[in-house]
1. Before we move on, is VAL149 touching a residue at least 40 places away in the same chain (Cβ under 8 Å), surrounded by 16 or more Cβ atoms within 10 Å (Cβ to Cβ) and of a type in the set (A, V, I, L, M)?
2. Consider TRP129 against the criteria (1) closer than 22 Å to PHE81 by Cβ; (2) hydrophobic (A, V, I, L, M, F, W, C); (3) open to solvent by less than 30 Å² (accessible area, probe 1.4 Å): it satisfies all of them except one. Which criterion is unmet?
3. Out of the range 72-107, which residues are of a type in the set (Asp, Glu) and either out of contact with any Gly (no Cβ under 6 Å at 6 or more places or on another chain) or over 29 Å from TRP129 (Cα atoms) (or both)?
4. Of all residues in the range 66-87, which are touching a residue at least 40 places away in the same chain (Cβ under 8 Å), assigned to a strand (DSSP E or B) and touching an Asp or Glu at 6+ places or on another chain (Cβ under 9 Å)?
5. Looking only at residues in the range 108-119 that are open to solvent by less than 70 Å² (accessible area, probe 1.4 Å) and small (Gly, Ala, Ser), which one is nearest to ASP133 (Cα to Cα)?
6. Return yes or no: is ARG186 of a type in the set (Lys, Arg) and either farther than 30 Å from TYR97 by Cα or over 18 Å from the mean Cα position of the chain (by Cα) (or both)?
7. Take the residues in the range 182-202 that are over 15 Å from ALA152 (Cα atoms) and out of contact with any helix residue (DSSP H, G or I) (no Cβ under 8 Å at 6 or more places or on another chain), then tell me which one is surrounded by the most Cβ atoms within 10 Å (Cβ to Cβ).
Amino acid sequence: ILDVILRVHQIKEIQMKKLILLLSLSYCFTQNAELKVNKKGLGFEFHTMPQAYTITDVSDASGYGIFLPIEHGQFFIEPYFSRYQIINSYKTGTTTYEYLDRSTTYGIGLFLFQMSSNNKSKLYYGLRWSKEDFITEEPSTSSSGGKIVSEARPTLTSPTIGIEYAFFENFSFGGEVNFHMMDYERTVDDDTYGVKSQALMPRFLVRFYF
């Protein structure tokens, strides 16, 4: 258990370093570009976190996130939908078992934003609200073997701060940090229990504006 906790903390530290590095690199490309204002757009998320948290072998992994940024005055709203799926493989002797890890999320973000004096970057801060539906499978520790199936439908309230930089007039790269707060019921096989959880998570996005 201690090894898993240490690994999770190390992964979080690496992801935060990546966020700082990518934002720094993107700033180098903003000198000849400006962000559109009062525009609508389409954004895509890089799904790096679910794969990073997988400690076992991954035989199949896929994921995507779609965002719809809409600006109105000094406000910025962003409905979004995301989904990822991972199949973990465990091998015992000559037998290989596969276990599913899947999540579907939909929600909306509401932010205030501030443009830089040259319109090349945008700082935004506010709140994301989302609903998640996930299922995970893991090997049973009982002598009879089998799977432990865990399901939950948590509601996430996430204070968020982000930075967006323009590569070109209609294209930007950005990153944000979400502080997820969850209070929900989780079902493991036939047992249900309450869960309270908090997590600080980075997110990377590209956005195209029309």
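1. Details: touching a residue at least 40 places away in the same chain (Cβ under 8 Å): yes; surrounded by 16 or more Cβ atoms within 10 Å (Cβ to Cβ): yes; of a type in the set (A, V, I, L, M): yes.
In short, yes.
2. Failed condition: (3).
3. The initial filter retains those residues of the range 72-107 that are of a type in the set (Asp, Glu), namely 78, 98, 101.
Matches in the range 72-107: GLU98, ASP101.
4. Selection gives PHE67, TYR80.
5. It comes out as GLY109.
6. yes
7. Ranking the candidates gives ALA199 first.
Yes/no matrix, rows are residues, columns are (1) among the hydrophobic types (A, V, I, L, M, F, W, C); (2) in contact (Cβ under 8 Å) with a residue 40 or more places away in the chain; (3) outside any loop (DSSP other than H, G, I, E, B):
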{"site": "ILE161", "(1), (2), (3)": "yes, no, yes"}
{"site": "PHE167", "(1), (2), (3)": "yes, yes, yes"}
{"site": "VAL177", "(1), (2), (3)": "yes, yes, yes"}
{"site": "GLU185", "(1), (2), (3)": "no, no, yes"}
{"site": "ARG203", "(1), (2), (3)": "no, yes, yes"}
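The values are calculated or read from the model by the stated rules, or taken from the named source; none is laboratory data. Just so you know, these numbers come straight off a predicted model, no measurement behind them. Cβ: placed from backbone, ideal geometry, glycine included. Neighbour counts: every protein chain shown. When the accessible area is computed, the model is the full protein with side chains, heavy atoms only, and any ligands, DNA or RNA have been set aside. Shrake-Rupley method; radii C 1.70, N 1.55, O 1.52, S 1.80 Å.
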